[in-house]
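What follows is a set of notes on a single structure, which appears directly below.
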């Protein structure tokens, strides 16, 4: 097996980053490394991942990255390619993870894909254009996400505590972490991983909803409404065909209650659409970036730079 890989694909998420190395003889190796912090500069974090791989295998010829939290793929790609840790990389592709999620789930056909974990983002692709819906972070968006559900649950607990809201078994859940509810907000605000902590309440909220807690049920049904709205908006605004495929992935949709309510809401508005199982993963989508056709509508949603574009030889004319 050659030492230097042809491709390093990275699916960089908040809870973990998945890596795939591919060599010219068809050998593939995969690994998982710590996730990226989207509230910190992405370039140093991504460069560190590539640098560690290159130190072991040699610099990959092509690096393709789907990353949560990227706001300007072109600037990120250029800055990343100029980083010393990518000195041997010849070609770099960077896209928001909504693009790689789409490619992983549906491939290059039209439709919509929603990925719902700690955050949520939907991507719609029609005959001529692609559109991202939500994925605007936990402060300005991510409606229906794990964080959103957890945030609603915590608020419901405090409303029950100070008598603005109805009693809920969510209170027992939150007291397991913070026995003194009135001190909980201070502890949470000062936690460096508060986004993860808030999102961690989503699974138990869904379980309580399925077990009949009215407040938890209302939160989960509202989340399903928000997720369905994102998908139907993406399909409508991209002029996707009536029978477009829909992919839905992520930890939140492992809840049968939420997934069923989401599906019913979508099909009530798009009865000819069909939900399909994922053909692959976000990591498959990251690998697919390198082979995406130049005329594909998603091409405008990713950035590609070469070594020659950003590394000017010493002594070259200015």
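Values quoted throughout were computed directly from the atomic coordinates according to the rules given, and no laboratory measurement underlies them. Computed from a prediction, not measured in an experiment: that's the story for all the values here. Neighbour counts run over all protein chains shown; Cβ positions are idealised from the backbone, glycine included.
Observations
- Between helix 201-210 and the chain: long-axis angle, C-alpha atoms, 0 to 90°, nearest 10: 50 degrees
- Cβ-based exposure ranking for 54, 230, 192, 251, in which fewest neighbours within 10 Å come first: 192, 251, 54, 230
- Percent of alpha-carbon pairs separated by more than 19 Å within region 108-275: 55 percent
- The angle between the Cα long axis of helix 214-237 and the longest principal axis of the Cα atoms of the chain comes to about 40 degrees, rounded to the nearest 10.
- Exposure proxy ranking, count of Cβ atoms within 10 Å, fewest first, for 28, 10: 28, 10
- Sequence of 158, 140 once ranked by neighbouring C-beta atoms within 10 Å, starting from the fewest: 140, 158
- Per residue of the chain, the DSSP helices (runs of n ≥ 4 H) give a summed -39500 (n - 2.57) that works out to -13000 deg cm²/dmol at 222 nm.
- Percent RCO, i.e. relative contact order, over region 108-275, from Cα pairs under 8 Å lying at least 6 residues apart: 32 percent
- Nearest-ten-degree value, helix 42-57 long axis tilted from longest Cα axis of the chain: 60 degrees
- Distance from region 155-218 to region 287-306 (C-alpha centre basis), Å: 42 Å
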